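Asker: One structure is given below, represented as structure tokens, and several questions about it will come after.
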Amino acid sequence: MKTSDDISQSLDFSCPACGLLCDDVALVSTSPISIKNGCAKSVSFFEQAYSATSVRTASVAGKPTDLNSAIQVAAKILLSSKQPLFAGLGTELTGMRAVMSLAQKTGATLDHMHSEGAVRNTLTLQNSGWQNTTLTEVKNRATLILAIGTDIVSSHPRFFEKLVWNANSMFDKPSPEIIYLGVPAENTKAGISPDGKQPMVVEAEMEKLPEIMNALHALLNSKNPLQKKPVIEQIGGVPIASLLTILEKLKAAQYAVVVWAAGNFKYAHAELTIQSITQLIAKYNEASRIAGLPLNAGDGDLSVNNASTWLSGFPTRNRFTNGKVEYDAYYFSSEQQLKSCDALLWLSTFNAHIPPAGNVPTIVIGHPNMQFERVPDVFIPVGIPGIDHIGAMARMDNVVSMPLKKVRESTLPTLSHVITQINDSLT
Ligand code: SF4
């Protein structure tokens, strides 16, 4: 029989720790964690998965119990609920399919833990569409990358290593020029090319990005007198000259890619900033080639929203009511629903994210390393997708689903198994 280390060391697998889903990683050792082709984020992810403090037994009101008893109590809570909230939703495609079935049966509202950012992209897409690209296109064609409000590597650490400074693109193209807008200079080291070429860095406060993007539009469309006769020298703390340079570089690029992370835009109506970005892209595409690349936040956000859309017609922040599906990007947020729901089912299998504070009966199904501030009514530790069991996840460019492999033997059940058992117990 194979031991966990036998399995680990014989496999290259897809790392589920961020949306890049790098498929060239393998565990070299588990004590300490060492990963072939891994980054600091992947090591931290596996350290948590292999933590000695992991709980492997289900509990009811903090007292250990067997899995079936915990499932029965969870089913009872959902049966008594008139308006449950299923939140967190940190899972992959198979898990989300099971969750959708349970939501339909219980009339639940669904909201992913990273919806606040995702909704900003959704609102933009609903309003005016967008022209986005894929990781393969970035790797093979990009000649310029403009990162707005994100250093990219904080959330997707191997982005530059795999897609920008790679020496094996399909076409003979120069390494991309890098521009950071609204990123602190100290966070831009990943944008220095292997031969030492420095990126262009235009620092700005995140909250100033809306007016900076508006200024870029005005300058691009030449309808603003600023361009012909500048009456001010800067907007949002950024020199007009720097904005004009960015526009010139975008115009001159053979294939420019604009990258943003919606979750970083933490101010009111941030979807308008994203819309400004997508409109800039559309304008340039009239005469040249440019595309967008939104970064996802993680914890299965794209997979969950895809599965939700396939099965209900809407991404999360949707609700099943008498067999019909409703969608409300504001009212169905966890923050709003926690004011009125009468039960919370919190799911987080990739990371040990704990549920938000509240007084409603709470069922938690997820990462075995969760440490609670308030003991939930039911806690069922389950396997981590891509480590304890197989699965599938949508990559950050949303064009392929990557298979997740099983890396170690585990006695923990899968989320989909537990959810299906709860569903079957609802009579
Ligand atoms: S970049 Fe992302 S997917 Fe790749 S190894 Fe690091 S955390 Fe994992």
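Asker: Let me confirm something: among M113, M206, which residue is among the hydrophobic types (A, V, I, L, M, F, W, C) and over 17 Å from the mean Cα position of the chain (by Cα)?
Answerer: On the way: M113 fails: over 17 Å from the mean Cα position of the chain (by Cα).
Matching residue, one of M113, M206: M206.
Asker: Something else: Restricting the first residue to segment 10-21 and requiring it to be hydroxyl-bearing (S, T, Y), which pairs with a second residue that is near the ligand (Cβ under 6 Å from one of its atoms) meet a Cβ separation below 9 Å and a spacing of at least six or different chains?
Answerer: If the second residue must be near the ligand (Cβ under 6 Å from one of its atoms), the pairs left are S14/L21; S14/C22; S14/V25.
Asker: Look through segment 384-411, keep the residues that are of a type in the set (S, T, N, Q) and assigned to a loop (DSSP other than H, G, I, E, B), and return whichever of them is surrounded by the fewest Cβ atoms within 10 Å (Cβ to Cβ).
Answerer: Applying the first criterion (of a type in the set (S, T, N, Q)) to segment 384-411 yields 398, 401, 410-411.
In the following step, the residues that additionally are assigned to a loop (DSSP other than H, G, I, E, B) were identified as 398, 410-411.
Values: N398: 16, S410: 18, T411: 8.
Per the criteria, the residue is T411.
Asker: Restricting to segment 258-288, what's the tally of residues that are within 16 Å of Q131 (Cα to Cα), in a loop (DSSP other than H, G, I, E, B) and either touching a residue at least 40 places away in the same chain (Cβ under 8 Å) or among the polar types (S, T, N, Q) (or both)?
Answerer: Here the count works out to 3.
Asker: I've got another one for you. Would you point out the residue of segment 155-164, among those that are buried (at least 17 other Cβ atoms within 10 Å of the Cβ) and closer than 17 Å to G196 by Cβ, that is nearest to the chain's Cα centre (by Cα)? Outline the logic, then answer.
Answerer: From segment 155-164, those buried (at least 17 other Cβ atoms within 10 Å of the Cβ) are 155-160, 162-164; that's our starting set.
With closer than 17 Å to G196 by Cβ added as a condition, the list becomes 160, 164.
Working: F160: 18, V164: 21 Å.
Applying the filter and picking the extreme gives F160.
Asker: Only one of T57, T122 is out of contact with any Phe, Trp or Tyr (no Cβ under 8 Å at 6 or more places or on another chain) and under 30 Å from T136 (Cβ atoms); which? Break it down into steps so the answer makes sense when it comes.
Answerer: Values: T57 fails: under 30 Å from T136 (Cβ atoms).
Sole residue among the options that is out of contact with any Phe, Trp or Tyr (no Cβ under 8 Å at 6 or more places or on another chain) and under 30 Å from T136 (Cβ atoms): T122.
Asker: Here's another thing I want to ask about it. Which count do you get for residues in segment 51-94 that are of a type outside the set (S, T, N, Q) and modelled with pLDDT under 95?
Answerer: Keep residues of segment 51-94 that are of a type outside the set (S, T, N, Q), which gives 52, 55-56, 58, 60-64, 66-67, 70-71, 73-79, 82, 84-90, 92-93.
From what is left, the residues that are modelled with pLDDT under 95 are 52, 55-56.
Number of matching residues: 3.
Asker: Also, quick follow-up: Answer yes if at least one residue in segment 81-92 is in the same structural domain as T420 (by TED's automatic domain parsing), within 16 Å of the ligand (Cβ to nearest atom) and crowded, with 16+ Cβ neighbours inside 10 Å, and no otherwise.
Answerer: Initially, segment 81-92 is screened for residues in the same structural domain as T420 (by TED's automatic domain parsing), giving 81-92.
With the extra rule that they be within 16 Å of the ligand (Cβ to nearest atom), the set shrinks to 90, 92.
Filter again for crowded, with 16+ Cβ neighbours inside 10 Å, leaving 90, 92.
Checked against the condition, which is being in the same structural domain as T420 (by TED's automatic domain parsing), within 16 Å of the ligand (Cβ to nearest atom) and crowded, with 16+ Cβ neighbours inside 10 Å, segment 81-92 yields at least one hit.
Asker: Let me ask another. Does segment 109-117 contain at least one residue that is away from the ligand (no atom under 16 Å from the Cβ) and over 30 Å from L293 (Cα atoms)? Full working, then the answer.
Answerer: Going residue by residue through segment 109-117, those that are away from the ligand (no atom under 16 Å from the Cβ) are 109-113, 115-117.
Next, only the ones that are over 30 Å from L293 (Cα atoms) stay: none.
No, there is no match, as no residue in segment 109-117 is away from the ligand (no atom under 16 Å from the Cβ) and over 30 Å from L293 (Cα atoms).
Asker: Here's another thing I want to ask about it. Could you please tell me which pairs satisfy a Cβ distance under 7 Å, a separation of 6+ or placement on different chains, a first residue in segment 309-321 that is modelled with pLDDT of 95 or more, and a second residue that is surrounded by fewer than 20 Cβ atoms within 10 Å (Cβ to Cβ) and of a type in the set (D, E)?
Answerer: Partner pairs satisfying both residue conditions: R317/D328; N318/E326; R319/E326.
Asker: Can you tell me which residue within segment 29-61, out of those that are surrounded by fewer than 15 Cβ atoms within 10 Å (Cβ to Cβ) and part of a strand (DSSP E or B), is nearest to the ligand (Cβ to nearest atom)?
Answerer: K36
Asker: Collect the residues in segment 412-427 that are of a type in the set (A, V, I, L, M) and surrounded by 18 or more Cβ atoms within 10 Å (Cβ to Cβ), keeping them in residue-number order. Even if it seems obvious, please write down each step before you answer.
Answerer: Initially, segment 412-427 is screened for residues of a type in the set (A, V, I, L, M), giving 412, 415, 418-419, 422, 426.
Answer for segment 412-427, where residues must be of a type in the set (A, V, I, L, M) and surrounded by 18 or more Cβ atoms within 10 Å (Cβ to Cβ): L412, L415, V418, I419, I422.
Asker: Would you say N285 is assigned by TED's automatic domain parsing to the domain that holds P413 and surrounded by fewer than 22 Cβ atoms within 10 Å (Cβ to Cβ)? Before you say what the answer is, go through the steps one by one.
Answerer: Numbers: assigned by TED's automatic domain parsing to the domain that holds P413: no; surrounded by fewer than 22 Cβ atoms within 10 Å (Cβ to Cβ): yes.
Criteria not met by N285.
The values are calculated or read from the model by the stated rules, or taken from the named source; none is laboratory data. Here the structure is a predicted model, which means the values were calculated and not measured. Cβ coordinates were reconstructed from backbone atoms using ideal geometry, including for glycine residues, and neighbour counts include every protein chain displayed.
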